Each structure stands twice: as C-alpha cells, then as structure tokens.
1. Under 5 Å between amide H atoms, partner at least 5 residues away or on a different chain: which partners does ILE354 have, H built in plane at 1.01 Å?
2. Rounded to the nearest 500 deg cm²/dmol, what is the calculated helix-only ellipticity per residue at 222 nm for the chain, with -39500 (n - 2.57) per DSSP H run of length n ≥ 4?
3. How high is the FRET efficiency between TYR247 and PHE393 when r is their beta carbon distance and R₀ equals 60 Å, given to the nearest 0.05?
4. May I ask you to derive the FRET efficiency for HIS170 and SER95 from their Cβ-Cβ distance with R0 = 51 Å, giving the value to the nearest 0.05?
5. Give me the dipole magnitude in Debye, nearest 20, for segment 147-228 about the Cα centre, with unit charges on the beta carbon: positive for Lys and Arg, negative for Asp and Glu.
6. Mind checking the alpha-carbon convex hull of segment 147-228 and giving the volume per residue in Å³?
7. Taking the Cβ-Cβ separation of ILE348 and GLU189 as r and a Förster radius of 56 Å, what is the calculated FRET efficiency to the nearest 0.05?
8. How many nm separate the modelled label positions at GLN325 and ASN77, each set 7 Å beyond the Cα in the direction of the Cβ?
Amino acid sequence: EALAVVQQKENTLQKHNLQSLGKDYLDFLLSKRDFEKAAQLCVKILSKNKDSWEEQVYKFAKIKQLKAIAPYIPRENPVLDPAIYEMVLLEFLLSDAERFLQLVRDWPSHLYKVQTVINALLDRLDRDRGNTYLMRALGDLYSYERQFDKALSIYLRLKHKDVFQLIHKHNLFGSISDKIVQLMEFDKEQAVSMLLDNMEKVPMEKVVNQLDKTPEYLFTYLDRIFQKDPHMAEKYHGKQVKLYAEYAPKKLLPFLKSSTHYPLQMALEECEMRNLIPEQVFLLGRMGNVKQALKLITEKLQDVNRAIEFCKDHNEPELWEDLIQSSLDKPFFIKVLLHNIGTHVDPIILIDKIQEGMEIEGLRDSLVKILQDYHLQISLREGCKKILVVDSFNLLDRLIKTQRKGIAVSSKYNLVV
C-alpha cells in the first residue's frame, strides 16, 4: 500500500521515495521467500538504475535464486556489468542446460564476454559430453566469436538444421573439404545441391576423394553431375558404371548409351557379374561382337522383336541367318519373323526351312502379309521406275536443247565461220 502511495505522490514526499521503500519491500519479500514476486517487482522498483540492479542481482545470487530474477534482468537501458550476465549464465550452465541454451540465444552476445562463457562451457562438457543442449549452445557461442570452423563441426555433429545456411552465410566452403561425408550423412540432397552450385570453391576432385569410401554418396554426387552435364565428369565414368550397376541398374543402359568414356571390357564384366542382359547386348554390339549379342537376345531375353530390331540396326546378312536358324524351333518367333523380315530378307529362305508338320498359329495371315509386302514392293519399284524414266527423258531433253544453242564468240579473234 505504501508503494502505491509513493507512486502517486512521490514529488511531494520528502523522507521516502520509490526506490528506498521499494528496496525495503524487496528485502521483505526475499525474507518471506516470495522470490518470484520480488523478481517481478524489480522491473518497476529499480527501473533504469544500473547500480540498484546489480546490487539486487547479487542479493538473489547470495540466496541462490538467480533463476528467479534471470527473466527480468535488463538487456538495455541499463546494460549491467558483464560479470552479472556471466554469473547468471554460469548458474544455468551448472543446473539447467536447456535454460542455459535459451539464454545464450536470447541475450545479445555483447552483454558478456563470450570467451569466458565458452571456457566454462568446455569445462562442463568434459563431464557431460552427451548433452545436446550444451553442444548447441557451444555452437552458437563459437558463431558469436566468429570461430565458424568450430561452430560448423559442432553443427554437423548435431545435424543442426542451419548448417547449410551457416556455410553459405560465412563462405565456409574452404572448411568443408574434410567434412563432406558428414554433410551427406546429414542431408544428402541438400549437400549435393550445395556442392554442385559451388564447384569452383569445392572442386569435384576433392569431393570424389572424400566420398570414395562411401560409394552410395559418391553415386548420388556423380549421378547429379551427369544429369547436369554428361561431359563434366568424364574421367569418372568408369566408376559410374559400377555405381549405376550397384545402386540404380535402370539408369545404367541410358548411361552406357550416352557416354564413350568408360572401358568397355570392364563394363561388360560388371554387367555379366550382375546378369544385366540388355546392357550386355548393347556393350557386345558396341564392341563388334554382334553374334554373341544376338544370341543373348534370343536365348536369355527370348525377345524376337528386339532381335529383329537388332538385326535391322546392324544390317548384316549373317545376323539374319543366325536369327532365322535360332527361330526354327520356336513357332512364335517364326510367326513374328514372317511378319517383319519381308523388306530385309527374302522370306522364302525362312519358309523353306520350316519343318513340315510344325503348327504355327496365324501362319496363313503371315503368308498373306508377305504377299502384300511383296506386291507393295513391286508397286513401289514400278512407281520409282516410272519417275526415273520421266526424269531421264527430261534431263536428256534439257541436254539436247543446251547443245543446240549458239555460242557467242569475240570478233577480235577474226574467226571465220
């Protein structure tokens, strides 16, 4: 009640004032152990008086109640002596790691000597190495001191969500050359995107050397590079064959077709080891072993359509002969061949070799198709012949007219015609 009166009539009072009466009241509350109320009243009673604040904080410290007053300690106007803030931080450091972290983040770092707090925190961590709150606080304190390398190491260990932001903000690319595996373990996609966007700062060779012992991460990195520019990492295409075969077999064939910078024999052995038949067919074809490739298609894949396309691509008579020979005991193969080879091979060769008595579903339709294809070819040839004859006559006519034209000669030669 007296405080209320003082607040209303402070200008007319001579003996009492708000601070003197307020401090007496604070002492009374502390003696009654009403620490929370006393701490709240400090804001009103002590106002902007720096000395009074410091005196009161020491009183709370003496009775081990710094936790009660900590939320109300001013951070500006007035700013107290750094020792006050350090004393409060040390109290929470020893007894409440979570609140300590909160204060480190809430209080501006200029209020206290950061290195002093770091030293105390390191000593505390020696006895409690697994405390994540303390580790996060240490990372923040190192950032305040601009010791970003140390902060980065801690953020990576804790898998802190702001680690990539820290690297970009403070240009720490020179500090991550030995931490690439940790970055990939934390967030593989985000790490690869960052590395690709900053290849001039983190060279590809360094990344590959770092990731060489973690093939899955190396695969992710080189795959993204290949998607960005197929020619950028050509010297690592040999590695990529093994990586695709191991981690993304479906991507291997498009890769083999897109690149020429890998050892063919090594790639073939890798595909044989994993029984990747389409990839083997492609590699054998590129190596010139087309007969073996065709054999794989007919025996392993048993895909007559693919076999026909393969023969069309290479257009070698011996291949067609091999395909026909391998199809003689497969009625379905014979049917498809009769439908498709008429424009490339004389179908009589195949028909003559069909065993008597073999049942071939749709044989009549296939034979009709062959005859239709034959008549179509005859029509095309006749049409081409007519066009050729007309063109020949037109050109001959132009030649005759050209030869009949007169030739202008100069009179200075005194020629007599």
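1. Residues meeting the criterion, in which the H sits 1.01 Å from N, do not exist here.
2. Numbers: 25 runs with 287 residues, N = 417.
Mean residue ellipticity, 222 nm, calculated: -21000 deg cm²/dmol.
3. Working: r = 66 Å, r/R0 = 1.10.
Calculated value: 0.35.
4. Calculated value: 0.95.
5. Values: 12 positive and 12 negative charges, 47 e Å.
Roughly 220 debye, rounded to the nearest 20.
6. Values: hull volume 6.7 nm³, N = 82.
Once divided by residue count, the hull of segment 147-228 is 81 Å³.
7. Details: r = 60 Å, r/R0 = 1.07.
With R0 = 56 Å, the Cβ-Cβ based efficiency is 0.40.
8. Output for this residue pair reads 9.9 nm.
The values are calculated or read from the model by the stated rules, or taken from the named source; none is laboratory data. Just so we're clear, the structure is a prediction, and the values are computed from it rather than from any experiment. Neighbour counts are summed over all protein chains in view; Cβ atoms, including those assigned to glycine, are modelled from backbone coordinates with ideal geometry. Each accessible area value is taken on the protein alone, full model and side chains, heavy atoms only, with ligands, DNA and RNA left out. Shrake-Rupley method; radii C 1.70, N 1.55, O 1.52, S 1.80 Å.
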